[in-house]
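For reference, the structure discussed in these notes is given below.
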Amino acid sequence: MSAPTFDIAILGSGPVGCVLALSLARHAPDPGRIVLMGPAPAARRPGQSIDPRALALNHGSRQMLQPLGAWPAQAADILTVHVSQAGHLGRTLIDQADLAVPRLGCVVTYDDLLDTLQAAVRASGVTRIPQRPPRPLPGRPVTLQLADGPAQARIALISDGARPQGLQRQYRQSAVLATIRAANPIAGRAFERFTRTGPLALLPHPAGTDLYSLVWCLHPDQAQALAALPDPAFDQALQQAFGQRLGSLRRIGPASTFPLSLHAGPSLQGPGVVAVGNAAQTMHPVAGQGLNLGLRDAAQLAHALQPWLADPAADPQPRLIRYARQRRLDRGLTIGITDTLPRLFATANPLARHAGGLALAALDLIPALRNPLARHLLQGQRL
């Protein structure tokens, strides 16, 4: 059989796929032997938004992206996070000073992040094929069916965001996304408020010091109805749910909705095939952990393959197996936290809701309880 066309095929050109390509290219003798597959980003005019999402990137993700030349020009710092529960006493405040870091994280827009990453990929020497990623046929080598015929790669890394098969949970929630202007903004402060319908988050927005990115989780029917409300009615509903901590709140522009569910499957998909990011796990957006976990997947996989890149004729499978084993703890803890929190605080059981308020109060009063959780959300488990 002829030699593989590529050493590594990365199937999916979203943020995780781009970070994986950049991280591997830094250590590859010939970056052109790495191919990144995925449709080219849609062209957009200055000021135009293609994707409405604002992304909370934690301190660990920023440390990962900056050396790759992939940090967006516009970012809003998160210095503190205020966590509360609607209708109950008890809250906790997570502060960057308690964790000895310059910031807990930053908020960037999806469009800015992807534009920056794509520009870095173009300068990296990685081969780019702008087509929908094929499903790989595991083997040694892996077979890929491209638009102009079959190709082969020694390793295929799936980062296309397709929902993995395995653990599943339907939350019966959708997230309402919108940009909000606050009359009395608090610099660097993000809010996570647990309500009976689901979490409500307000994150500092990179487009303005008085702007916040809203992520409000509700039953799908409620979410659709809320997103369709005229501005005054939407603002009134938001004010009632969030309170007066930021003064009056006004929606800027339209709202959009996304359905929420949990899907998690094995990292190792077969001989020579590994899934990362949303192709390995898609999670509830509470605490903003999904992309951060995917970026840790990419960083640890690139680290695991770094020695192999110097000798791609060697069998990569032992390294892939070791990578999958090392990712279990971080993935399991993060999936567990993001799966438990929204269901715990949305329960109709009054005792459980009071217990949630007491837990928030305990976290606020006892750093030994608060800081380990905060540090995991800040950087995950790194082996």
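I need the full set of residues from segment 94-130 which are of a type in the set (Val, Ile, Thr), in contact with a helix residue (DSSP H, G or I) (Cβ under 8 Å, 6 or more places away or on another chain) and modelled with pLDDT of 95 or more, in order please.
Scanning segment 94-130 gives 121, 126, 127.
In this structure, does residue 213 turn out to be within 18 Å of residue 288 (Cβ to Cβ), modelled with pLDDT of 95 or more and buried (at least 22 other Cβ atoms within 10 Å of the Cβ)?
Yes; evaluated as a whole, the condition is true for this residue.
I'd like to check which strands (runs of 3 or more DSSP E) are fully inside segment 218-282 and have at least 3 residues that are surrounded by 14 or more Cβ atoms within 10 Å (Cβ to Cβ), at pLDDT 95 or above and in contact with a Phe, Trp or Tyr (Cβ under 9 Å, 6 or more places away or on another chain).
249-264
With a cut-off of at least 1 residues that are basic (Lys, Arg), name the strands (runs of 3 or more DSSP E) lying wholly within segment 85-153.
Correct list: 91-95, 127-129.
Can you tell me which condition residue 133 does not meet? The list is (1) crowded, with 23+ Cβ neighbours inside 10 Å; (2) more than 23 Å from residue 343 (Cα to Cα); (3) modelled with pLDDT of 95 or more, and all the others hold.
(3)
Checking the condition at pLDDT below 95, among the small types (Gly, Ala, Ser) and surrounded by 15 or more Cβ atoms within 10 Å (Cβ to Cβ), which residue from 151, 156 passes?
Within the list 151, 156, the selection yields 151.
Of the residues that make up segment 347-367, is at least one touching a Pro at 6+ places or on another chain (Cβ under 9 Å) and either modelled with pLDDT of 70 or more or β-branched (Val, Ile, Thr) (or both)?
no
Which of the following residues is on the phi < 0 side of the Ramachandran plot, among the aliphatic types (A, V, I, L, M) and free of Cβ contacts under 8 Å to residues at least 12 places away in the same chain: 156, 151, 255, 237?
One residue alone meets the criteria, 237.
Go through (1) closer than 17 Å to residue 83 by Cβ; (2) among the aromatic types (Phe, Trp, Tyr); (3) in contact with a helix residue (DSSP H, G or I) (Cβ under 7 Å, 6 or more places away or on another chain) and name the single condition residue 234 misses.
Checking residue 234 against (1) closer than 17 Å to residue 83 by Cβ; (2) among the aromatic types (Phe, Trp, Tyr); (3) in contact with a helix residue (DSSP H, G or I) (Cβ under 7 Å, 6 or more places away or on another chain), the one that fails is (1).
Can you tell me which residue among 137, 211, 218 is within 19 Å of residue 240 (Cβ to Cβ) and free of Cβ contacts under 8 Å to residues at least 60 places away in the same chain?
218
Looking at 4, 41, 29, which is the one that is assigned to a loop (DSSP other than H, G, I, E, B) and modelled with pLDDT of 95 or more?
Checking each option against the conditions leaves just 29.
Can you work out which of the residues in segment 51-69 that are in contact with a strand residue (DSSP E or B) (Cβ under 8 Å, 6 or more places away or on another chain) and aliphatic (A, V, I, L, M) is nearest to residue 180 (Cα to Cα)?
This residue is 54.
Please determine whether any residue of segment 300-316 is modelled with pLDDT of 95 or more, touching a His at 6+ places or on another chain (Cβ under 8 Å) and either under 20 Å from residue 166 (Cα atoms) or surrounded by fewer than 18 Cβ atoms within 10 Å (Cβ to Cβ) (or both).
yes
Among what's in segment 62-77 and is among the aliphatic types (A, V, I, L, M) and within 16 Å of the chain's Cα centre (by Cα), pick the residue that is farthest from residue 378 (Cα to Cα).
70
What's the number of the only condition in (1) out of contact with any helix residue (DSSP H, G or I) (no Cβ under 7 Å at 6 or more places or on another chain); (2) over 30 Å from residue 53 (Cα atoms) that residue 285 fails to meet?
Going through the list (1) out of contact with any helix residue (DSSP H, G or I) (no Cβ under 7 Å at 6 or more places or on another chain); (2) over 30 Å from residue 53 (Cα atoms), residue 285 breaks only (2).
The values are calculated or read from the model by the stated rules, or taken from the named source; none is laboratory data. If you're wondering where the values come from, they're calculated on a predicted model, not measured in any experiment. We place every Cβ from the backbone using ideal geometry, glycine too, and count neighbours over all the protein chains shown.
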